[in-house]
Amino acid sequence: TLREMYKGSGSLYLAMGPMTVVEDGATTVMDRSLGRTGSFSKAAALACASTASGVAGALLVGAQVEAMITRAHALGCTVREAGAVTCKKGGLRSLLIPPGL
């Protein structure tokens with residue numbers, strides 16, 4: 001069904017805010033750190049910082065949201081229910097560190 005196909009789209013949309021905050025913070029820290037070394041041009045430092053910030057956002061926010069969406073599809077329930085089941089089985093750690101990380 002259409003509802004099943006778009007399950008988790010709202011969760012992904014809401015996750016964009018926290019992912020952007022993490023990415024912006026990581027970009028700022030990395031850019032300042034690389035800029036201080038003097039080993040990189042401003043453009044190269046920003047390119048490296050941007051690459052690393054995408055990884056940070058994916059690891060700290062995106063992976064958790066995707067894991068819940070995937071679990072919701074596998075269990076045939078809502079994302080909220082999948083989160084509750086996951087937390088009940090493995091505690092808060094299982095929500096924060098999804099399988100594979």
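The values are calculated or read from the model by the stated rules, or taken from the named source; none is laboratory data. Bear in mind that the values here come from a model prediction, so they are computed numbers and not experimental data. Here the Cβ is made from the backbone with ideal geometry for all residues, glycine too, and neighbour counts use every protein chain on show. The area values use the complete protein model at the heavy-atom level, side chains included, leaving out ligands, DNA and RNA. Shrake-Rupley method; radii C 1.70, N 1.55, O 1.52, S 1.80 Å.
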For K7, give me every one of the aspartates and glutamates with a C-alpha distance below 13 angstrom, ignoring sequence neighbours fewer than eight places off in its own chain.
E66, E81
Measure off 7 Å from each Cα along the Cα-to-Cβ vector at L75 and S50, then give the distance between these two points in nanometres to one decimal.
3.9
For the chain, dividing by residue count, accessible area per residue (probe 1.4 Å) in Å² works out to 67
For the chain, which whole-number percentage of the solvent-accessible area (1.4 Å probe, protein heavy atoms only) is attributable to carbon and sulfur atoms?
66
Tell me the label only: which of (i) 30, 20, 13; (ii) 24, 18, 11; (iii) 34, 14, 9 is semi-axes √(5λ) of the Cα gyration tensor in Å as calculated from this structure?
(iii)
Between 0 and 90 degrees, rounded to the nearest ten: what's the tilt of helix 9-37 against the longest Cα principal axis of the chain?
20
Summing -39500 (n - 2.57) over every DSSP H run of at least 4 residues in the chain and dividing by its residue count gives a helix-only mean residue ellipticity at 222 nm, to the nearest 500 deg cm²/dmol, of -26500 deg cm²/dmol
Where does the Debye-calculated log10 I(q)/I(0) of segment 38-82 sit at q = 0.15, 0.18 Å⁻¹, using only Cα point scatterers of equal weight, no solvent?
-0.52, -0.60
So how do 60-71, 78-89 stack up, highest first, on mean other-Cβ count within 10 Å?
60-71, 78-89
Most fluctuating of S39, S11, S50 in the GNM of the chain (C-alpha, under 10 Å) is S39
